[in-house]
Amino acid sequence: MATTVISFIIIFGSLVFFHEFGHFLFAKKAGIMVREFAIGMGPKIIGIQKGETLYTLRLLPLGGYVRMAGEDFDTVELLPGYRVGLILNPQDEVTKIYLNSNVSNPDVLFLETEEADLNDKLFIKGYDDEGSLVRFSVSRTAVIIEKGQKTLIAPKDRQFDSKPLMGRFLTILAGPVFNFILAFFVFVALGLLNGVPTNEPIITDVQENSPAQAAGIEKGDYVKSSNGVAVDTWTEFTETIQDNPGNSVDLEIERDGELVTLQVTPEEMEDAGQKFGQIGVFYTSPVEKNPLKAIAYGAQQTWFWIAKIFELLGMLITGKFTLDALSGPVGIYKATEEVAQYGIYNLMNWAAVLSINLGIMNLLPLPALDGGRLLFFLVEALRGKPIDRQKEGMVHFVGIMLLMLLMLVVTWNDIQKFFF
């Protein structure tokens, strides 16, 4: 139980960290102020302020976020008549703004706001305690203090929406892309530590009373061709067998340095309404520890799982899968529990597949997901101007509600499946 919990937290935390790190890195590169980098959701456990960013670890290990300046009602507006306290530097620039009058600092200058702009022109104008109308410039690094909480102001050029379209696009795209990059490096690490399967078409063993035994196939045979087509990998050999249920297949075998020609008729099998051939041979791929092949293996496995997950999504859309086939956090936890029984290498492989899955799910063009935001950017590029922020916000809000509803349904299905 404890091993499963730890494994789940480490795996999910790592996936979320790399996803959000992608957003964070490209936001910084674009000059966007990142207010918070959070791993987890819910109440804050640990918070460390470094520079302009607060790094937090939160209670629930089920997500994370990068909070960028200019998003989610981030800006502060000082309305006329609002009384504030100001701290000035030697150049008479405002460096601190207190949003209440209960300040016991003798250096504070109190002002009744007449006009203020903390977004673009960066100034405050108002009446001091002597009734004089004064105007002060606001430092780009000024801090707003309210109820003990400090918030850096975000000049317009540091806000997400002020950046060029390509900068915003790459900042959002980077999250899913970093999930694919993480999966690639995990697969490369597996190739280095566990070896890369050579995938050579060598028969490891033959099942008794099987079509293979009847055809004269023996342990150690090296398949050179099938139906006249050269065979280079075990995958190519199995595809030929599976595609010919009940049909004779001509094989050219290398055995003890000599070529042998055999004929085998795959037995017709059926699974989920799909018919396929099977001849009753076993295969254990030898492995090779080679850095270059490990890199190629990482790329091949990453691409394979991207294609496989898109294939499964297609089956879901066409109705071959139902919602019951989807899994939420409970299902992922149970799967992690099963995978953990087979050792660290299997856990690493599982983490890589989950990372790819997370990246693809976030790229779906649905409101509130990264893919939904990217879709709005594409529309903006076509229109030549952005969509109204309020309308876009409403679409994302509806999307969040629908995603939460879907998550509840999937989680309830998982609970019924695994516990009842």
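Solvent-accessible area of Glu258, probe 1.4 Å, all protein chains present, reported in Å² to the nearest ten, please.
Approximately 120 Å² for this residue.
Fully extended, how many nm does the chain gain between Ile9 and Asp128 (0.36 nm per residue separation, minus their Cα-Cα distance)?
37.4 nm
For semi-axes √(5λ) of the Cα gyration tensor in Å, several values are listed as (i) 61, 21, 20; (ii) 36, 32, 21; (iii) 38, 26, 18; flag the one computed from this structure.
Matching the structure shown: (i).
Determine the percent antiparallel among the DSSP beta bridges restricted to the chain, to the nearest 5.
Percent antiparallel among DSSP bridges in the chain is about 85.
Keeping all protein chains in place, calculate the accessible area per residue for the chain (probe 1.4 angstrom), answer in Å².
On the way: 24030 Å² over 420 residues.
That works out to 57 Å² for each residue.
Ignoring any ligand, DNA or RNA, what whole percent of the accessible area of segment 13-147 comes from carbon and sulfur when the probe is 1.4 angstrom?
Roughly 54 percent, rounded to a whole number.
Treating cross-link reach as a plain straight distance, find the aspartates and glutamates whose alpha-carbon is under 12 Å from the alpha-carbon of Lys50, omitting any fewer than eight places away in the same chain.
Hits, sequence-local ones excluded: Glu36.
Does a label point 7 Å from the Cα of Met315, set along Cα-to-beta-carbon, have any residues of segment 251-276 with amide nitrogen under 20 Å, and which are they?
269-276
Could you state the number of Å between the C-alpha centres of segment 205-225 and segment 87-104?
Measuring centre to centre over Cα atoms gives 85 Å.
Let's see if you can work this out: charge +1 on each Lys and Arg Cβ, -1 on each Asp and Glu Cβ, no other charges. What is the dipole magnitude of segment 123-222 about its Cα centre, in debye to the nearest 20?
My answer is approximately 960 debye.
Of Leu170, Leu366, Leu78, which has the largest mean-square fluctuation in a 10 Å C-alpha GNM of the chain?
The residue that fluctuates most here is Leu78.
Within segment 83-118, which residues have the backbone N less than 17 Å from the label spot 7 Å out from Thr75 along Cα→beta-carbon, could you tell me?
It comes to 115-118, nothing else.
Would you calculate, for the chain, the mean residue ellipticity at 222 nm contributed by helices, counting each DSSP H stretch of 4 or more residues as -39,500 (n - 2.57) and dividing by all residues, to the nearest 500?
Using -39500 (n - 2.57) per qualifying helix, the result is -14500 deg cm²/dmol.
Once the whole set of protein chains is in place, how much accessible area is left on Ile306, using a 1.4 Å probe, in Å² to the nearest 10?
30 Å²
Work out how much length Thr265 to Met394 would gain on full extension: take 0.36 nm times their residue separation and subtract the Cα-Cα distance, in nm to one decimal. Present the calculation step by step, with values, prior to reporting the outcome.
On the way: separation 129, 0.36 × 129 = 46.44 nm, distance 6.05 nm.
The span from Thr265 to Met394 would gain 40.4 nm if fully extended.
Under a 10 Å cutoff between Cα atoms, tell me which one of Tyr82, Tyr98, Tyr297 has the largest fluctuation in the Gaussian network model of the chain.
Judging by the Gaussian network model, the answer is Tyr82.
If you place +1 on the Cβ of every Lys and Arg and -1 on the Cβ of every Asp and Glu, how big does the dipole about the Cα centre of the chain come out, in debye to the nearest 20? Mind dumping the intermediate values first?
Numbers: 34 positive and 49 negative charges, 330 e Å.
Charge dipole of the chain: 1580 debye, to the nearest 20.
On the full set of protein chains, 1.4 Å probe, figure out the accessible area of Trp305 and give it in Å² to the nearest 10.
70 Å²
Could you tell me the calculated FRET efficiency between Phe304 and Asn247, based on Cβ-Cβ distance and R0 = 22 angstrom, to the nearest 0.05? Let's see the in-between values first.
Working: r = 27 Å, r/R0 = 1.25.
Given R0 = 22 Å and the Cβ-Cβ separation, E is 0.20.
Quick one: which residues, 5+ away or cross-chain, put their amide H under 5 Å from the amide H of Val231? H built at 1.01 Å from N.
Amide H neighbours of Val231: Ser225, Ser226.
Helix 2-29 against the longest principal axis of the chain: what's the angle in degrees, Cα atoms only, rounded to the nearest 10?
Value to nearest ten degrees: 60.
Pairs of alpha-carbon atoms within less than 8 angstrom and 6+ residues apart define the contacts here; what relative contact order does segment 59-136 have, in percent?
24 percent
Along the charge dipole of segment 16-134, pointing to its positive end and built from +1/-1 on Cβ of Lys, Arg, Asp and Glu, which listed residue (Ala30, Tyr127, Tyr65) has its Cα farthest out?
Tyr65
Beyond 25 Å between alpha-carbons counts as too far, so tell me which of Lys219/Lys275; Lys29/Lys385; Lys275/Lys334; Lys96/Lys121; Lys29/Lys156; Lys308/Lys385 fall in that bin.
Lys219/Lys275; Lys275/Lys334; Lys308/Lys385, as the Cα separations exceed 25 Å there.
With springs only between Cα atoms under 10 Å apart, run a GNM on the chain and tell me which of Gly277, Gly257, Gly314 wobbles the most.
Gly257
Under 8 Å for C-alpha pairs, at least 6 residues apart: give me the relative contact order for the chain, rounded to a whole percent.
Computed over the chain, the figure is 14 percent.
Exposed loop sites here are trypsin sites (Lys or Arg not before Pro) in DSSP loop states with at most 12 other C-beta atoms within 10 Å. What is the longest stretch of the chain lacking them?
That would be 1-120.
The values are calculated or read from the model by the stated rules, or taken from the named source; none is laboratory data. Note that the structure is predicted; figures quoted are calculated from it, not measured. Counting neighbours? That spans all protein chains shown, and the Cβs are built from the backbone with ideal geometry, glycine included. Ligands, DNA and RNA are excluded from the accessible area calculation, which covers all protein heavy atoms including side chains. Shrake-Rupley method; radii C 1.70, N 1.55, O 1.52, S 1.80 Å.
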